[in-house]
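These notes concern the structure reproduced below.
The values are calculated or read from the model by the stated rules, or taken from the named source; none is laboratory data. A quick note: this is a predicted structure, and the numbers were derived from the prediction, not measured. When we count neighbours, we look across all protein chains shown, and the Cβ atoms used for this are built from the backbone with ideal geometry, even at glycine.
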Amino acid sequence: MGSVQIVTTILAFAITAVAVWLAVRAVMKMVAVIRLGQPDPTRFGDPGTRTKTMLAETAGHTRMLRWSVVGAAHWFVMVGFIVLSLLVLEAYFEVVSPTGGLPLVGNWAIYGLVTEWLAILGIVSILVLIAIRLRNRPTRPGGKSRFTGSTMWQGYFVEGIILAVLIMGFVIRGFKVATDHFEYPVWAAPLSHAVGGVLPNWAAGVSVAALVKIVISMTWLIVISLNVTMGVAWHRFLAFFNIFFKRDPGANVSGLGALRPMTSQGKPLDFEEADPEKDQFGVAQVEQFTWKGLLDFSTCTECGRCQSQCPAWNTGKPLSPKLLVLSLRDHAYAKAPYLLAGGGKDLTGEEKATAAQLAHMDVLALAEAEKPLIGTAEEGGIIDPDVLWSCTTCGACVEQCPVDIEHVDHIVDMRRYQVLIESSFPSEAGVMLRNLENKGNPWGAPQNTREDWTKGLDFEVPRVGEVDDFEYLFWVGCAGAFEDRAKKTTRAVATLLNEAGVKFAILGEGETCSGDPARRIGNEFVFQMLAQQNVETLNEAFEGREKSKRKIVATCPHCFNTLGNEYGQLGGEFEVVHHTQLLAHLVATGKLTPVQPVDGGVTYHDPCYLGRHNRVFAPPREVLSSAIAGGDGASGDGGLIEMPRNSERSFCCGAGGARMWMEEKIGKRINVDRVEEAMSTGAKTVAVGCPFCSTMLNDGVNGKGAGEQVEVVDVASVLLRSVKPEQAPGDTERAPAAG
Ligand code: SF4
Ligand code: SF4
C-alpha cells in the first residue's frame, strides 16, 4: 500500500465511522419516535400478502408509473441507488488499492456491463428528475407547483449527491482504464473506456477518486442523520415498511373506502362502555396517532402529488394534505424529547411528568408540547381548524401518494376528538347532526314521508315484509327519499328495475340514514347509533339468507360505501352494489334495451365514493355509452366525452366528508371549478351517479347561469330516457334556470 493509499484509507474509514455512528443514532431516534404512537395490532396480519404487495409496489413502482416519465425516471434512480450502494462498497477496496474491486463479481464482465448501464440510465434519470423539480419550482412565475411548501434544498441536495456519486463511479473506472487496471472490455463498459481516454495516467487517481466518492456518500449520510425529518432521503428506507404495514395489505391503494374504526389502546371503541377519562376519543395529541400514523408522517417524500390533486388546495383553501402531514411530522419530532423523557398529558389533561423531570427537559420540546394540535396560528396550533374542516375526504391524496400514506384516516381521527370531546366544528353542521339524532336523516324530514317518492308510479313498489322473495333490497337513502332531484333518480331506478323484471323491495319507513355524514364529520357516536339500528333492520330483512343472497342496491355512493365496507365492522355483512353496476349488468344481459340515442354529448363526473373509494369506474360509463348509442349501433351526437380529470384523478364535487352541510367560505367553490371543467367539454349532459354530486353540480351550473344549456342528471335517468323515451320527461332532473 502506497502513502496515498494509506491516507485515502484512513480518511475513508474515519468519515465512514462518523457517518455510521450518526446514522445508527438517527435510526434509533426515529424508531423511538414511531414507538410513541398508539398500538395497532391490525398491521401485522397476512405477512405473505404484505410482502408481495410491498415488493410489487417497490420493484414495479406500480403507484408511481401512473406519472409515466417521473415514475420511469424514479425507477431507474431507485435501481441506480441500489447499484450505487454496491459501487460505494467497491470504493472501499479501491481506496486501499488502485486495482481493488468487489470480491467474486468484481472481475466479471457481466457485472461491469450491468452496473455501467444502470449508472448511465441513473444519471439520465436523475437529470430528468432535477429538470422536473426545476420546472415545477414554487418560485416559478405563474402556475401552481406541487412542491409549494416542500423543503427544496433537501430535494436538490439528495439529487445532486446521487448525480455526483454516479459520475465519480465513471471517474474511478476512467482512472483504472488510464492506468491499465481495468478488467472490463469496451463492449461491457463503453463510457468508462471513453472517460479513461481523456484522463491522465495517474497511479493514485483511482484511490483519490474513490475517496472523493466515499466522502460525498458519507456527507449525504451525515446530513440525513442530522435531519431525521428529511423524508426526501429517508423514504428510501422507510417506504418499504410503510407499504408493508398499510391498512389493506392486498390493495393497491390502501386507506380508501371504509374509515379506520375508532380505537383506544389498539381496540375498537365500544360506545356502550367507553369512558372519555379512560379511553381515547380520537386524536388530540400527536402521540395519540397510532405508530403507523407516525411512520406515515416520517415517510412523506414531500413530492406534493397529493397536494396537486387536492380539491381544497386547488380552490384556494388552506388545506394541503402534504403540508398537513409535514406539520404533524415536524411537531411529532420536535415534541418527542419531552415525551421520551416521561412527559405527556393523560386523558384528563393532567401532566404525567414529575416536577423534577420537567425541570430537566429540553425547553424547545417543552414549548412544542404546549402547542394545541388543532388551533389557529394565534393559538400556536399545529393544524388550523380551517385546514381540518376543509377536507372533503375525497381520497385524491391517498390515491396519489406513492408511499401509501393514509391521510383521510388521520384527518377524521382529529375531527373525532374535536366533535366528541370539544364539540368544536363548523356550527352550521350542528343542524345536520341534530337531525340525524332526532329524525334519522340529515334534512330533518318526517320519517313517514320516506315513501313519498313512490307516489304516482304506475307499478307497486314492494316493501320488505310484504314480499320475501326479493333478490335486491333497494336502499333508497335519505337524499333519494327526501331531496327532490334525487327522488327522480330513485324513481328512475325503480322504473328500470321493474322494467327489467328484477325482484326488489324497499325498507320504506324502516330505513334511516346510513350514518356516513356523521362518521366523516367525526361523530362516531351518532354513526354507531344509526349503523347499529340499520344493521339490525337489515339482518332481520335478510334473516336465514347466506351472504351472497343478502344483496342490496344503493343509488347513493356514500350509502353504498358505508353499507358495503363499514357495516361489517358492526356485524352487518351484505353484498352491496351501486345502481350503475346493476344497470350495466341489466343492459349487458339484454334485460334493458336502450332505443333512443342521447344527443348533445355526455360527460361523466365520477363520484369520489363510487370511483376512487370503491374502484367503480367502468359500469356507469358502460350504461352511458349504451344510452348514447341508443341500441342498434346508432351513435348519439357527441358521445361520451371525458373531462381532463376523470376516473382515479376525478375532481371532487365538494360535498363529501359532510362538507355538504358546511358553508364553503374560503377560496373558489369546488363545485364551480368542477362545473367549469365539465362545461369545457362542450357536452350538454353532465351525468352523475350520486345525489350529492347532483346537488353540487346543479348548484354550480345554476350559479353560472347555464341551466338552460347544460343539464346535470343521474346515469339512471339518462338510461331511462333511452329505454323508455315516452316516460322519461317526468323523471328528468333539469336544473331550474338561475334566477
Ligand atoms: S381527502 Fe381530498 S380534500 Fe381531503 S386532503 Fe385529501 S385530497 Fe384534500
Ligand atoms: S403524495 Fe404522499 S409522499 Fe407525496 S407529499 Fe403527499 S403525503 Fe407526502
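Note on region 157-187: among residues that are surrounded by fewer than 20 Cβ atoms within 10 Å (Cβ to Cβ) and of a type in the set (Gly, Ala, Ser), the one that is nearest to His74 (Cα to Cα) is Gly160.
Once region 214-238 is narrowed to residues that are surrounded by fewer than 21 Cβ atoms within 10 Å (Cβ to Cβ) and within 20 Å of the chain's Cα centre (by Cα), the residue that is farthest from Gly266 (Cα to Cα) is Arg236. Quick one: in region 101-135, which of the residues that are free of Cβ contacts under 8 Å to residues at least 60 places away in the same chain, of a type outside the set (Phe, Trp, Tyr) and in a loop (DSSP other than H, G, I, E, B) is surrounded by the most Cβ atoms within 10 Å (Cβ to Cβ)? Ranking the candidates gives Leu102 first.
Mind checking which residues of region 34-91 are among the charged types (D, E, K, R) and at pLDDT 90 or above? Steps first, please.
First, the residues of region 34-91 that are among the charged types (D, E, K, R): 35, 40, 43, 46, 50, 52, 57, 63, 66, 90.
Passing the criteria: Arg35, Asp40, Arg43, Asp46, Arg50, Lys52.
Within region 446-494, the set of residues being within 17 Å of Cys556 (Cα to Cα) and polar (S, T, N, Q) comprises Thr489, Thr490.
Here Ser548 passes the criteria (1) away from ligand 1 (no atom under 16 Å from the Cβ); (2) touching a Gly at 6+ places or on another chain (Cβ under 8 Å); (3) more than 18 Å from Pro261 (Cα to Cα) except the one numbered (2). Among the residues of region 519-529, not a single one is in a helix (DSSP H, G or I), touching a Cys at 6+ places or on another chain (Cβ under 7 Å) and under 29 Å from Ser390 (Cα atoms). Restricting region 531-551 to residues that are among the small types (Gly, Ala, Ser) and more than 15 Å from Thr562 (Cα to Cα) leaves a set whose member that is surrounded by the most Cβ atoms within 10 Å (Cβ to Cβ) is Ala541. Counting only helices (runs of 4 or more DSSP H) that fall entirely inside region 332-415 and contain at least 3 residues that are within 16 Å of ligand 1 (Cβ to nearest atom), the qualifying elements are 385-388, 396-400.
Could you list all residues from region 324-344 that are touching a helix residue (DSSP H, G or I) at 6+ places or on another chain (Cβ under 7 Å) and in contact (Cβ under 8 Å) with a residue 60 or more places away in the chain? Within region 324-344, Leu324, Val325, Leu328, Arg329, Ala332, Tyr333, Ala336, Leu339, Leu340 meet the criteria. Only a single criterion out of (1) touching a residue at least 60 places away in the same chain (Cβ under 8 Å); (2) more than 14 Å from the chain's Cα centre (by Cα); (3) within 10 Å of ligand 1 (Cβ to nearest atom) is not satisfied by Trp313, namely (1).
If you go through region 222-270, how many residues are at positive phi and within 16 Å of ligand 1 (Cβ to nearest atom)?
Start the filter on region 222-270 by keeping residues that are at positive phi, which leaves 255, 257, 265-266.
Among the residues that remain, those that are also within 16 Å of ligand 1 (Cβ to nearest atom) are: 255, 257.
The total comes to 2.
For region 1-30, what are the residues that are of a type in the set (Ser, Thr, Tyr) and surrounded by 12 or more Cβ atoms within 10 Å (Cβ to Cβ)?
Within region 1-30, the first condition is being of a type in the set (Ser, Thr, Tyr), and the residues that meet it are 3, 8-9, 16.
Residues satisfying the conditions are Thr8, Thr9, Thr16.
So, in region 329-341, how many residues would count as being within 15 Å of ligand 2 (Cβ to nearest atom) and surrounded by 24 or more Cβ atoms within 10 Å (Cβ to Cβ)?
The first filter runs over region 329-341 and keeps only residues within 15 Å of ligand 2 (Cβ to nearest atom), leaving 329-330, 332.
Those left that are additionally surrounded by 24 or more Cβ atoms within 10 Å (Cβ to Cβ): 332.
Residues meeting the conditions: 1.
The helices (runs of 4 or more DSSP H) falling completely within region 230-312 that include 1 or more residues that are away from ligand 2 (no atom under 16 Å from the Cβ) and over 28 Å from Leu129 (Cβ atoms) map to 291-299.
Would you check which residues across region 421-470 are among the charged types (D, E, K, R) and more than 35 Å from the chain's Cα centre (by Cα) and list them? Before you say what the answer is, go through the steps one by one.
To start, the set of residues in region 421-470 that are among the charged types (D, E, K, R) comprises 422, 428, 434, 437, 439, 450-452, 455, 458, 460, 463, 466, 468-469.
Listed by number, the residues that qualify are Arg450, Glu451, Asp452, Lys455, Asp458, Glu460, Arg463, Glu466, Asp468, Asp469.
Only residues that are polar (S, T, N, Q) and either surrounded by fewer than 24 Cβ atoms within 10 Å (Cβ to Cβ) or within 16 Å of ligand 2 (Cβ to nearest atom) (or both) were counted in region 659-693, giving 2. Which residues, counting only those in region 422-445, are farther than 25 Å from Glu511 by Cβ and surrounded by 14 or more Cβ atoms within 10 Å (Cβ to Cβ)? Selection gives Ser424, Phe425, Pro426. The residue that is farthest from the chain's Cα centre (by Cα), among those in region 31-45 that are in a loop (DSSP other than H, G, I, E, B) and not acidic (Asp, Glu), is Leu36.
Might you let me know whether region 430-442 holds any residue that is over 22 Å from Cys559 (Cβ atoms) and assigned to a helix (DSSP H, G or I)? Yes, region 430-442 contains a residue that is over 22 Å from Cys559 (Cβ atoms) and assigned to a helix (DSSP H, G or I). Taking the conditions exactly as written (in contact with a Leu (Cβ under 9 Å, 6 or more places away or on another chain), in contact (Cβ under 8 Å) with a residue 60 or more places away in the chain and crowded, with 18+ Cβ neighbours inside 10 Å), does Leu87 satisfy them or not? Answer is yes for this residue.
I'm checking my understanding of the structure. Among residues of region 469-481 that are surrounded by fewer than 22 Cβ atoms within 10 Å (Cβ to Cβ) and touching a residue at least 40 places away in the same chain (Cβ under 8 Å), which one is farthest from Leu530 (Cα to Cα)?
Kept after step one, since they are surrounded by fewer than 22 Cβ atoms within 10 Å (Cβ to Cβ), are these residues of region 469-481: 469-472.
Keeping just the survivors that are touching a residue at least 40 places away in the same chain (Cβ under 8 Å) gives 471-472.
Details: Glu471: 25, Tyr472: 22 Å.
Result: Glu471.
Is it fair to say Pro321 is more than 16 Å from ligand 2 (Cβ to nearest atom), in contact (Cβ under 8 Å) with a residue 40 or more places away in the chain, more than 23 Å from Met361 (Cβ to Cβ) and not polar (S, T, N, Q)? Spelling it out, it is not the case that Pro321 is more than 16 Å from ligand 2 (Cβ to nearest atom), in contact (Cβ under 8 Å) with a residue 40 or more places away in the chain, more than 23 Å from Met361 (Cβ to Cβ) and not polar (S, T, N, Q).
Could we say that Gly656 is touching a residue at least 12 places away in the same chain (Cβ under 8 Å) and either more than 20 Å from Cys397 (Cα to Cα) or surrounded by fewer than 24 Cβ atoms within 10 Å (Cβ to Cβ) (or both) here?
Numbers: touching a residue at least 12 places away in the same chain (Cβ under 8 Å): yes; either more than 20 Å from Cys397 (Cα to Cα) or surrounded by fewer than 24 Cβ atoms within 10 Å (Cβ to Cβ) (or both): no.
So Gly656 fails the test.
One residue stands out among those in region 31-49 that are farther than 25 Å from Val228 by Cβ and touching a residue at least 12 places away in the same chain (Cβ under 8 Å): the one that is surrounded by the most Cβ atoms within 10 Å (Cβ to Cβ), which is Thr42.
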